[in-house]
Amino acid sequence: MKNLYKKEKTQKWKNKEQNLKKLFVCGKNSVFDAIKNGFNLEKIFVNNEVLAHKIKKYGNFDIETKDETFFLDFKDINHQGIVAFLKEFPIHDLQVIQKDKPNFVLMLDKIQDPHNLGAIIRTANALGIKHIIMTKEKSADITSSVLKISSGGFIGMKIIKSANLVSSIKKLKEFGYWIYASALSEKAKELDDVNYNFPICLIVGNEGDGVSLPVLKQADELIYIKQYGTVQSLNVSVATGILLNSIVKKGNE
């Protein structure tokens with residue numbers, strides 16, 4: 001029976017398509033960051049015993065050494081001979097904001113492109129923002145691609161999924177947050193002309209429609225990025241980076 005159980009566990013990881021559907025991180029930096037920050041790891045695969053020995057110093061993990069054939073499944077990713085599968089990515093509720101009292105919260109209204117989500121997480125982390133609220137529905141999920149694109153930005157990031165952003169905004173106001181939304185509107189102010197009242201929540205909208213009207217109506221102030229060239233719009237991850245950088249700098253003045 002013991003051997004049968006072991007065989008079943010081994011078979012579980014032989015299906016390439018199933019493996020690639022799971023949540024995983026690749027590369028030494030990302031995997032060791034996940035280990036050091038207490039992520040719930042289901043299984044770690046390495047291509048040599050030296051890596052396995054280093055991992056064991058951090059705890060009792062399920063580690064298996066594989067030859068290069070196994071890592072061919074991840075040939076398009078810079079895996080560096082190490083892949084860690086996560087049982088789940090930790091998702092928080094809104095109370096974590098009341099508990100942590102961050103000075104800056106980022107809210108994403110239906111960001112659907114995984115590349116944009118990963119890039120936004122990376123930029124937010126770089127600028128010291130550690131709390132992101134996103135919609136439960138009609139949003140890109142936290143996938144292996146998102147984690148890869150975030151380039152370690154997921155470490156220390158607290159993701160909150162909201163079934164109703166309007167309700168979440170009302171709760172944030174109760175917590176004392178001032179709400180700013182990015183919008184192309186006659187009522188919007190150029191972002192550098194705004195005196196921001198911290199703590200704040202910045203809302204950015206999805207790639208096509210921007211911030212939805214019901215959410216927009218909850219904002220205390222609307223802001224926009226002044227453009228000087230001929231392009232009509234910016235990629236949402238680029239726009240978010242500009243907004244975050246400007247507001248963070250203002251907050252540090």
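Since every read-out is calculated from the coordinates, none of them should be taken as a lab result. The shown structure was predicted, so the numbers you read here are calculated from the model rather than taken from an experiment. Quick reminder, even Gly has a Cβ in these numbers, built from the backbone with ideal geometry, and neighbours come from all protein chains shown.
With a threshold of 18 Å on the Cα-Cα distance, the over-threshold entries among LYS54/LYS158; LYS28/LYS57; LYS36/LYS75; LYS87/LYS138; LYS189/LYS226 are LYS54/LYS158; LYS36/LYS75; LYS87/LYS138. Under 5 Å from the amide H of ASN47 lie the amide H atoms of LYS66, each residue being 5 or more positions distant or on a separate chain, with H modelled from the backbone and absent for Pro and chain starts. When the chain is treated as a Gaussian network with alpha carbon springs shorter than 10 Å, the biggest mean-square fluctuation among ASN37, ASN60, ASN116 belongs to ASN60.
Near the amide H of ALA140, within less than 5 Å, lie the amide hydrogens of ILE111, GLN112, ASP113, all on another chain or at least 5 residues away, with H placed in the peptide plane. Per residue, the convex hull spanned by the alpha carbons of the chain comes to 159 Å³. Footprinting exposure proxy ranking of GLU88, GLU64, GLU221, fewest other C-beta atoms within 10 angstrom first, gives GLU88, GLU64, GLU221. For the chain, the antiparallel share of DSSP beta bridges with both residues in that region comes to about 25%. Note on the chain: dipole from Cβ charges, positive end direction compared against LEU147, TYR177, SER167; the farthest Cα belongs to LEU147. Here the alpha carbons of the range 78-213 define both size measures, Rg and Dmax, at 15.3, 53 Å. The relative contact order of the range 91-251, computed from alpha carbon pairs under 8 Å that lie at least 6 residues apart in sequence, is 28 percent.
Computed over the Cα atoms of the range 27-92, pair by distinct pair, the Kirkwood hydrodynamic radius stands at 12.2 angstrom.
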